[in-house]
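To keep things clear, I will list the structure first and then write my remarks on it.
Since every read-out is calculated from the coordinates, none of them should be taken as a lab result. Not measured: the values here are computed from a predicted model. Reconstructed Cβ throughout: ideal geometry from the backbone, glycine too, with neighbour counts over all protein chains shown.
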């Protein structure tokens, strides 16, 4: 199965994109898919909620077996309430922002999350081209985080763009088309990780 190949290549987390057709103009996986993945593997499941009501879906994906949930600051009227709920559910907490949202919008919340996700494409569709103008935002958010917090990037990620992002401080890399669109999935994951390692080395990390 493709999941096994990705894990064999070194994938540390399985990223599950959830879209409701409202917050983004596309519809994708529900809790049932996450539940099936949980039955198949013990590997960590990181659920990215691209939905208008993340508070509603948090419980459902927790029940389905998610290990961590990342939600959009633009969709959350009261982010701290969602964070508190995720903590009570025993889940890792992530927060993310669309390309047009400024990094400073996360300033009131970053100290209370495990991970910040920078979208490097407009969320909603796979296979988009990496937005290089997001690199300064990655660097800005890196400066806002404590050493133990993770900085994730998602959108147009391949070995070359992973290297660029790692140079700015990113340390978690989400790849869809560049991994699962390849004949040799394990080798694609390894190549992406090598790109990230080159970027981290250039940064001095």
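Points worth noting:
- Packing-based order for 127-133, 195-201, 8-14, using average beta carbon neighbours within 10 Å, highest first: 195-201, 8-14, 127-133
- Segment 19-92: C-alpha gyration tensor shape, a/c 1.5 cut-off, then a/b vs b/c: oblate
- Normalised contact order of segment 115-167, rounded percent, pairs of Cα under 8 Å and 6 or more residues apart: 51 percent
- Peptides 181-193, 48-60 ranked from most to least packed, by the mean per-residue count of other Cβ atoms within 10 Å: 48-60, 181-193.
- Separation of alpha-carbon centers, segment 1-80 and segment 156-193, rounded to whole Å: 19 Å
- With contributions of -39500 (n - 2.57) from each DSSP H run of at least four residues, the per-residue ellipticity at 222 nm computed over the chain stands at -11500 deg cm²/dmol.
- With a simple spin-label model that places each label point 7 Å from the Cα along the Cα-to-Cβ direction, the separation between residue 38 and residue 202 comes to 4.0 nm.
- In summary, the chain shows an alpha-carbon radius of gyration equal to 0.95 times the 2.2 N^0.38 Å reference for compact globular proteins.
- Shape of segment 64-186, Cα gyration tensor, a/c cut at 1.5: prolate
- Peptides 65-75, 103-113, 82-92 ranked from most to least packed give 65-75, 82-92, 103-113, packing being the mean of other C-beta atoms within 10 angstrom over each peptide's residues.
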